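Since every read-out is calculated from the coordinates, none of them should be taken as a lab result. Given the structure is predicted, the values throughout are model-derived calculations rather than measurements.
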Amino acid sequence: MADYQDRYPTNAPGAFYVDEQCIDCDMCRLNAPQFFARDDEGAHSYVHRQPTLEEEIALCREAVEECPVEAIGCDGEDVEIDGKNRSRPANSVRQ
């Protein structure tokens, strides 16, 4: 599971992030290139833009689920959209 404390500093501020477990497999960049980019120097992915629309959030959640090493998290900084945090499921509790 991704750890917010181990996220790369290149991630855009917000709920979604990539942490140090990334193996540079390219899965997230292929499926959601508008949100994930490659850090060529560090050979890993990072979130270069946070999602705001329902469809975009769904794409990023798919990336979380499809990451083979669970290096993508969605429990980072709050993203308020229409007065609610819609990047985390409503029933999730942040510790």
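Give, to the nearest whole percent, the P(r) tail of segment 4-79 beyond 15 angstrom, counting all Cα pairs. Result for the distance tail: 44 percent. Were the residues from ASN31 through ALA58 laid out at 0.36 nm apart, the gain over their Cα-Cα distance would be 8.6 nm.
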